[in-house]
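Nothing in this text is a laboratory measurement; each read-out follows from the coordinates by a stated rule. Treat the numbers as computed from the prediction; the structure is a model and nothing was measured. We place every Cβ from the backbone using ideal geometry, glycine too, and count neighbours over all the protein chains shown.
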Amino acid sequence: MDDIADTLRLLRDSLRKFVEKEIVPKAEAWEAQGFVPREVLREMGRLGFLGLRWPEEYGGSALDARATALLAEELGRSTFGGFAITALVHTDMATPHLVNAGTPGQLKRFLPAIVAGEKITAVAVTEPDAGSDVKSIRTRARRDAGDWVLKGSKMFITNGALADVYFVAAKTDPEADSKGVSMFIVEKGMKGFSVGRKLEKMGWRCSDTAELVFDDCRVPAENLLGEENRGFYAIMKNFQNERMAIAAMATGEASKAIEMTLEYVRTRKAFGAPLWDKQAIRQRLAMLAARVEAGRQLVAHAASLDAAGRDCVKDVSMAKAYCAELLNEVVYDCLQFHGGMGYMRESAIERMYRDARVQSIGGGATEVMLEEVAKRL
């Protein structure tokens, strides 16, 4: 077995044990309170789960996209999508902006604490009128006495209230369309920055989601992240990582839903026999299991392309569209096979059904993904 395969096998074992011991028994309480406790992320940092792809000099493990896929899949298997997305936004959706574009000084200042789980991150691009259409954002940034001054708001920001460090997109040249977007490092407590409403969601209930407000927020010039007016390209680049994580997370959730349903239909009796004896049910579950495995292999292929430094936009877009839609199909049927119990709030499959719906929306809606694929056919 080669070194990377052995490393990933050990990582999967460690993650699965952590999820079963530290997440599954506790996360129902987090659903009620609406956020994941900070100490959980600190423990993940202590175990090395928050810096899998980041340089060793900052506390990371210097692995590649295959580690991202594995992490996301195992967190998805927790059955708590809100917990999984809280961690994945920190590890693979927000922090890559710092790693990819940060100066040596910025990396030294922020990354060790991020890898340790001492500082939590969020990425703030989406606005009330701009989601996947990044070039349409309205938040502005202007220079003033050596600082940048941000004015505007962000919406649907995961880790919005929990985070300490935010990577924020703003227009620095409003007339330049996509060529006028820049990224900034905004820290909690900066004058003019505040967390607005905490948002109530259909699912992902233990994921903190909030509105952010920038009311002439003053940001030091050294907190410009990357080149001025090159933020759009940084966002597009990082979308691949984000979408791969969501696709892999979906395969973990789907495979766990099938496992839970198999256990249920083998013990639940109807008309004098276990539901498993019904040919239609067992064949449907068999086909869903095959399709989940196909999705997992598609994610693995996209991750391998990324790890080899090859273009993976088409493959990642395929994986994100396919796996997110498949997850919704899987949990729909699994809830159906649970019958009335599947509709009860005490049932994990009911929570997974609600959680799954957003995964064909967040990180790029299925329709956007299919357009990305179509352009490359």
*Output the relative contact order of the chain, whole-number percent, from Cα pairs under 8 angstrom with separation of 6+ residues.*
17
_Per residue, how big is the convex hull of the stretch 334-377 when only Cα atoms are used? Give it in Å³._
79
*Once you have the Cα-Cα distance between residue 202 and residue 228, take 0.36 nm times their residue separation minus that, and quote the gain in nm to one decimal.*
5.6 nm
*GluC sites (Glu not before Pro) within the stretch 109-217, DSSP loop, no more than 15 other Cβ atoms inside 10 Å*: 118, 175, 200
*asked:* Can you say what percent of the DSSP beta bridges in the chain, counting only those with both residues inside, are antiparallel? Round to 5.
replied: 85
*Please state, rounded to one decimal and in Å, the Kirkwood hydrodynamic radius that the stretch 122-228 gives when every pair of distinct Cα atoms enters the mean of 1/r.*
13.8
*For the residue pair residue 304 and residue 20, what label-to-label distance in nm results when each label sits 7 Å from Cα along the Cα-to-beta-carbon direction?*
2.8
_On alpha carbon coordinates alone, what is the Rg over Rh value for the stretch 232-375, Rh being the Kirkwood radius?_
1.06
*Arrange 90, 301, 338 by Cβ neighbour counts within 10 Å, fewest through most, would you?*
301, 338, 90
*asked:* Assuming 0.36 nm per residue, please report the length gained on full extension of the stretch residue 346 to residue 269 beyond their Cα-Cα distance.
replied: 25.7 nm
*Fraction of beta bridges assigned by DSSP in the stretch 122-228 that are antiparallel (%, nearest 5)*: 90
*With each label point set 7 Å from Cα along the Cα-Cβ vector, what nm distance links residue 100 and residue 375?*
1.5
*Classify the stretch 6-57 as rounded, prolate or oblate, taking a ≥ b ≥ c as the square roots of the eigenvalues of its Cα gyration tensor: rounded when a/c is under 1.5, otherwise prolate if a/b is larger than b/c and oblate if not.*
oblate
*Tell me, what is the FRET efficiency for residue 5 and residue 237 to the nearest 0.05, using R0 = 41 angstrom and their Cβ-Cβ distance as r?*
0.90
*residue 216 paired with residue 32, simple spin-label distance in nm, labels 7 Å along Cα-to-beta-carbon*: 4.5
*Taking the Cα atoms of the stretch 3-120, what is the range of coordinates along each of the three principal axes, in descending order and whole Å?*
40, 34, 19
_Within the chain, which is the longest segment that contains none of the trypsin sites (Lys or Arg not before Pro) sitting in a DSSP loop with at most 12 other Cβ atoms within 10 Å?_
1-190
*Rounded to the nearest 0.05, what FRET efficiency do residue 280 and residue 13 give with R0 = 41 Å and r taken as the Cβ-Cβ distance? Could you check?*
0.70
_Relative contact order for the stretch 122-228, counting Cα pairs under 8 Å that sit 6 or more residues apart, in percent_ = 31
_Of the candidates 50, 11, 327, which one comes out as most mobile in a Gaussian network treatment of the chain with C-alpha springs shorter than 10 Å?_
11
*State the label only: which of [x] 17.1; [y] 22.1; [z] 19.1 corresponds to mean projected area of the Cα convex hull in nm² computed from the shown model?*
[z]
*Take the cross-link list 191/320; 108/151; 21/191; 154/320 and give me the ones stretching past 31 Å between alpha-carbons.*
191/320; 21/191
